[in-house]
Structures are given as C-alpha cells and as structure tokens.
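The values are calculated or read from the model by the stated rules, or taken from the named source; none is laboratory data. Nothing here was measured: the structure is a model prediction, and the numbers come from that model. All Cβ positions, glycine included, derive from the backbone under ideal geometry; neighbour counts span all protein chains shown. Surface accessibility is based on the protein's heavy atoms, side chains included, excluding ligands, DNA and RNA. Shrake-Rupley method; radii C 1.70, N 1.55, O 1.52, S 1.80 Å.
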Amino acid sequence: MASLQQTMLSLQSKLPPSSFHIGGSLPMRKTALPLRIRGGNAAGARMSATAAGSYAMALADVAKRNDTLELTSADVEKLEKVFSDPQVLNFFANPTVELEKKRLVIDEIVKSSSLQSHTSNFLNILVDANRINIVTDIVKEFEIVYNKITDTQLAEVRSVVKLEPPQLAQIAKQVQKLTGAKNVRVKTVLDPSLVAGFTIRYGDSGSKLIDMSVKKQLEDIAAQLELGEIQLAA
C-alpha cells in the first residue's frame, strides 16, 4: 500500500497514458457485463445492488471457466482491503479525475497486490464503464456467489483480541455442524466494544448470531436489573 499511496500523491502531475488492454479472459465489455444503471435514492440503491450482483456473476463465470475460482476469491479479498481505504475509493468515485489516471492507479493496485490478469481486466472494465464506485458492493456479491458455488458457509467472528488458529478451527467445525455446509470460511474482525469473548454470525446474510461476549452478558444483566426495578415498583 505504500507504493499505492505514493502513486495517489503524484496523480496531480501529468501522467503518460497507461496501456489498457482487454484480454481474452473476459468477454466483450459492452455485451458481457451489465450496462451503467442510473437512479436515485432507494431505487438507485436497488439498481446498484443489481448491477453489483451481475458484475460479480460475470467475474465468477470467468473464474470458473479458467479454473481459478479460489485464486479469484483471493484476489477479491485483496480488493476488499484496498478499497476499504476511503482515499482510494473516493479517488475512483471522483468524476473530475481523468480516466487515464484511474487506469494508472489500477495498474499500481494490480502490481502491488499481485492480481491475476483477468482480475486486472475486470477492474479496467469497471473503470471504463464508470462502475468502479460500486466495487465494494461487487466484493460482497462475489462472496455470496462463491459461497453458493462451493457450498461454503461464511462465519464472521468478532473478538476483542486475535483468536488462535485452533480456536477458529473449533468455531468452523461448530458452524459446519449447525449448517451442514461442505465448507466453512471464517472471517475475523477485531471489535473492542465486545469487552471480552466473541460473537459468531452466520447463515443467509448473517441472519444467525451466537453471542459469547461479555458485552452481551452485561446487557442481559442490565435488562434483568431493569425488569426487577419495574416489578418492584409495581
């Protein structure tokens, strides 16, 4: 990321055009991937979500044909980290930044993250279609597509401190037992607000929650005390 940040700082200078090439890994960009969708408010958000899902499916289809689904999933995880930086996301969402400058930064991201060629082509397609601003939504949709293809259950584990691999393996086995999924992917998030312990969220769109945090215990105690006060007052 250090080299990427240096590239971002030097963007105001005049830059030579980057070599932009759509390889054979991806279909023709004007027909194989979704067209730009405009809309405002809730309708615009729904259309953006639909577009993100279509782009995610297109990338997954290419990965399946190339037999690189696992490597592409790893690429997408790298993109999630890169575009979690507001500076990077805002740069690409800025309509006043020249297209060639955006392509140069894409080249830097590809090099610094060691992305596959079809992932690089995909990013350039998003830039060309003015859809790079929904890349974080595409990442989420790709994760859903990947999980369905591979019968994988995603488990998000939040904890105050980093959990050790044996602990995460036990959590994965428990989630597998609860869901019957063939595979379990554990995504870890550090969350100091939990005080201690951990939470596990899994199921469709994270609909199920196992809360083993001290924060939850404190909230339960507070609720019981509040209930006790009401009963005493009556």
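Annotations for the structure displayed:
- Across segment 145-185, the qualifying residues are those that are open to solvent by 70 Å² or more (accessible area, probe 1.4 Å) and β-branched (Val, Ile, Thr), and the one among them that is nearest to SER73 (Cα to Cα) is ILE149.
- THR50 falls short of the stated requirement of being at pLDDT 95 or above and among the polar types (S, T, N, Q).
- Meets criteria (within 20 Å of ARG185 (Cβ to Cβ), charged (D, E, K, R) and open to solvent by less than 80 Å² (accessible area, probe 1.4 Å)) for GLU108: no
- Within segment 191-202, residues that are in contact (Cβ under 8 Å) with a residue 60 or more places away in the chain reach no partner that is basic (Lys, Arg) with beta carbons closer than 9 Å at six or more positions or on different chains.
- Annotation for segment 199-218: at least one member residue is assigned to a helix (DSSP H, G or I), among the hydrophobic types (A, V, I, L, M, F, W, C) and open to solvent by 90 Å² or more (accessible area, probe 1.4 Å).
- Residue list for segment 186-198, restricted to those being in a strand (DSSP E or B) and buried (at least 16 other Cβ atoms within 10 Å of the Cβ): VAL186, PHE198
- Filter pass, VAL127 being of a type in the set (A, V, I, L, M, F, W, C), touching a helix residue (DSSP H, G or I) at 6+ places or on another chain (Cβ under 7 Å) and not assigned by the TED database to the domain that holds LYS216: yes
- Residue check for VAL157: in contact with a Ser or Thr (Cβ under 6 Å, 6 or more places away or on another chain), within 24 Å of ASP85 (Cα to Cα) and among the hydrophobic types (A, V, I, L, M, F, W, C): yes
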